[in-house]
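Chemist: Supplied in structure tokens, the structure appears directly below.
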Amino acid sequence: MNTIQRKVKLVVISDVHLGTYGSKAIELSDYLRSIEPEILVLNGDIVDVWQFSKHYFPPTHMQVIKCITSLLSKGTKVYYITGNHDEMLRKFKGFKIGNFEIQNKVILTLETGKAWIFHGDVFDTTMKHSKWLAKLGGKGYDLLIILNTLMNWVSMKMGKGKISNISIENNYDYVVCGHIHQPKIREITNSKGKTTYLNSGDWVENSTALEYDNGIWSIYKHKSNLNSHYDDEIKELEIALDYNELIKDLLNQSTINS
């Protein structure tokens, strides 16, 4: 069934954690196939590099990447902003191929003001303890997820104040983060001014994204289509994605836009 694609100025998604069992990759593919954004910001922890030792990356997870390359082929500008679970990509900061770009942060000038976009882990004091837990393997990673759930509100309280102050001091109208898996839009004011704090949530617990169009920010919440998910799961068993085709798409993007 063909999906009518909804045009939108800017979409921000984060914390997909491809390569882990909790990732709602099927739902995200449904969403990506339904939109046609001018700009797509992948705001960190899209691929969970910490868990690659499990060798778990099923076709439904690869389909998310395929959807992103499809958007690239249609002219969408895609920024991949690094997070803590994909921090190894930080050494590729500034890498560009066609409409695809890797950065640690992005500042976009929108019609209603400047948006400072980054993952948000640099303000999380709990992250320095997280990596060694992940290295314990499956049980360690499950413990990490539990601890993150308990500590996210601490990070939000401690980090958001710092983030907002910096945003106001630098005259950013919006500060856009991920990391804490809590979708939010909230205006914050202090003696020096105001800013709007936004968080895109995640595709593990909430299946949410931020959308900006016609000067308005909103939180998109994906509604699961059980029949669609069942069909996709059957296809995963019956069909292997053509990885050669994916590489071909990437190379074509490089040629077309060079």
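Throughout, read-outs are computed from the coordinates displayed, never taken from laboratory work. Keep in mind the model is a prediction, meaning the values are calculated, not measured. Cβ coordinates were reconstructed from backbone atoms using ideal geometry, including for glycine residues, and neighbour counts include every protein chain displayed.
Chemist: What fraction of the DSSP beta bridges in region 1-121 is antiparallel, stated in percent and rounded to the nearest 5?
Modeler: Here the antiparallel bridges make up roughly 30 percent for region 1-121.
Chemist: Something else now. For the charge dipole of region 1-90, defined by +1 on Lys and Arg C-beta atoms and -1 on Asp and Glu C-beta atoms about the Cα centroid, which residue among 81, 16, 41 has the Cα displaced farthest towards the positive pole?
Modeler: Among 81, 16, 41, the one farthest towards the positive end of the dipole of region 1-90 is 41.
Chemist: Further, regarding this structure: Could you please report the charge total around residue 76, scoring K, R as +1 and D, E as -1 over all other residues with beta-carbon less than 10 angstrom from its beta-carbon?
Modeler: 0
Chemist: If you don't mind, another one. Chymotrypsin sites (Phe, Trp or Tyr not before Pro) within region 1-60: which are DSSP loop residues with at most 15 other Cβ atoms inside 10 Å?
Modeler: Within region 1-60, the qualifying chymotrypsin sites (Phe, Trp or Tyr not before Pro) (loop, at most 15 other Cβ atoms within 10 Å) are 21, 56.
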